[in-house]
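The values are calculated or read from the model by the stated rules, or taken from the named source; none is laboratory data. Just so you know, these numbers come straight off a predicted model, no measurement behind them. Glycine gets a Cβ as well: all are built from the backbone with ideal geometry, and neighbour counts include every protein chain shown.
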Amino acid sequence: MKKLMISLMAGAMSLAAVQAMAADKVVLQLKWVTQSQFGGYYVAKEKGYYEEEGLDVEIKPGGPDIAPEQVIAGGGADVIVDWMGGALVAREKGVPLVNIAQPFQKSGLEMICRKDGPVKTEADFKGRTLGVWFFGNEYPFFAWMNKLGLPTEGGADGVTVLKQSFDVQPLVQNQADCIAVMTYNEYWQAIDAGFKPEDLTVFNYTDLGNDLLEDGLYVKEDMLRDPAFKEKMVKFVRASMKGWKYAIENPDEAADLVVENGGQDENHQKRMMSEVAKLIGDGSGKLDEALYARTAKALLDQKIITKEPAGAFTHEITDAALK
């Protein structure tokens with residue numbers, strides 16, 4: 001009996017090993033650290049949705065010193081999460097990124113100012129200091145300022161740009177009149193720092209019609225010429241959107257899974273997941289071409305890119321994933 005049990009256990013282990021070897025490896029590079037901003041991917045992994053598709057997915061966290069475009073260009077990832085501004089700039093510079101899915105259909109970007117400060121409306125930006133994130137996150141801001149006709153080199157008729165850290169300290173310490181926040185992250189850091197919602201003037205990029213696409217999935221164009229890779233991405237997108245659907249319906253559980261994978265502060269992650277859920281839209285992951293066109297035009301108008309992008313997105317993957 002003992003020999004039989006050992007034999008059965010060995011057989012089961014062998015089967016598991018074979019299944020693991022048979023799974024297609026996919027490396028996903030995130031745009032930022034492990035947090036509920038990426039909850040759908042962690043849910044898909046922990047709930048076995050990737051495994052059901054025959055995928056072995058490695059999720060690599062990002063950080064302030066990690067540029068997803070550089071990671072995929074160097075072969076360190078198969079697919080990345082990126083904002084479209086950064087992806088289109090990278091494409092023009094020779095990293096041929098293609099948007100294969102757009103899980104975030106709304107922008108979470110905002111600018112907040114102290115309500116007791118000098119900025120009440122867009123007309124009050126002149127002569128003021130505004131905090132801005134860089135590393136590819138600055139493009140929506142510069143496009144907005146261009147739309148308003150405001151120079152960004154300082155002076156009485158323009159704005160002074162403060163290169164902002166990824167926190168709210170410039171507002172807390174009065175280093176800037178307004179700062180960049182995400183609806184799901186730094187806005188709540190401001191609340192936790194002692195501000196009340198009624199203490200803040202909020203400029204929401206989406207409400208103002210200045211939203212550029214965020215958190216899309218991108219691969220290298222040459223990889224899409226490989227039918228096997230395309231099929232792998234169809235499976236990846238299908239499982240990922242299933243993960244997002246579950247995360248939206250079960251935000252607290254999704255946040256717990258994020259924390260189990262290294263996310264910090266359970267309460268913050270739960271709050272973040274609830275806010276991120278508002279940005280996923282219809283859950284299809286399909287790119288809205290009107291928002292794509294707005295994003296590209298904003299970058300062209302600001303001369304962030306110099307020519308109209310061609311081939312920068314495809315519906316082929318999401319269409320197949322939705323079947």
Checklist entry - For region 210-227, how many residues are touching a residue at least 40 places away in the same chain (Cβ under 8 Å) and over 19 Å from Gln29 (Cβ atoms)? => result 3
Next on the checklist: Would you confirm, using the coordinates I've provided, whether Ala228 is surrounded by 20 or more Cβ atoms within 10 Å (Cβ to Cβ) and part of a helix (DSSP H, G or I)?
Outcome noted: no
Checklist entry - In region 247-255, is there at least one residue being loosely packed, with under 14 Cβ neighbours inside 10 Å, among the acidic types (Asp, Glu), over 17 Å from the mean Cα position of the chain (by Cα) and closer than 20 Å to Gly39 by Cβ? => result yes
Next on the checklist: Please go through (1) in the same structural domain as Ala277 (by TED's automatic domain parsing); (2) closer than 20 Å to Ala298 by Cβ; (3) touching a strand residue (DSSP E or B) at 6+ places or on another chain (Cβ under 8 Å) for Val79 and return the number of the only condition it doesn't satisfy.
Outcome noted: (2)
Item to check | Selection count, region 112-166, where residues are in a helix (DSSP H, G or I) and either at positive phi or of a type in the set (D, E, K, R) (or both) | outcome: 3
Item to check | Members of region 194-232 found to be hydrophobic (A, V, I, L, M, F, W, C) and in contact with a Phe, Trp or Tyr (Cβ under 9 Å, 6 or more places away or on another chain), listed by number | outcome: Leu200, Val202, Phe203, Leu208, Leu212, Leu213, Leu217, Val219, Met223
Next on the checklist: Which count do you get for residues in region 280-321 that are in contact (Cβ under 8 Å) with a residue 60 or more places away in the chain, among the hydrophobic types (A, V, I, L, M, F, W, C), surrounded by fewer than 20 Cβ atoms within 10 Å (Cβ to Cβ) and not in a loop (DSSP other than H, G, I, E, B)?
Outcome noted: 2
Checklist entry - Which condition number in (1) among the small types (Gly, Ala, Ser); (2) under 16 Å from Ile305 (Cβ atoms); (3) at pLDDT 95 or above is the one that Ala101 fails? => result (2)
Next on the checklist: Among the numbered criteria (1) in contact with a helix residue (DSSP H, G or I) (Cβ under 9 Å, 6 or more places away or on another chain); (2) farther than 14 Å from Gln302 by Cβ, which one does Lys163 miss?
Outcome noted: (1)
Next on the checklist: Looking only at residues that are in contact with a helix residue (DSSP H, G or I) (Cβ under 7 Å, 6 or more places away or on another chain) and assigned to a helix (DSSP H, G or I) in region 257-267, which one is surrounded by the most Cβ atoms within 10 Å (Cβ to Cβ)?
Outcome noted: Val258
Checklist outcome for this item: (1) in a loop (DSSP other than H, G, I, E, B); (2) under 20 Å from Val258 (Cα atoms); (3) not acidic (Asp, Glu) all hold for Gly75 apart from (2)
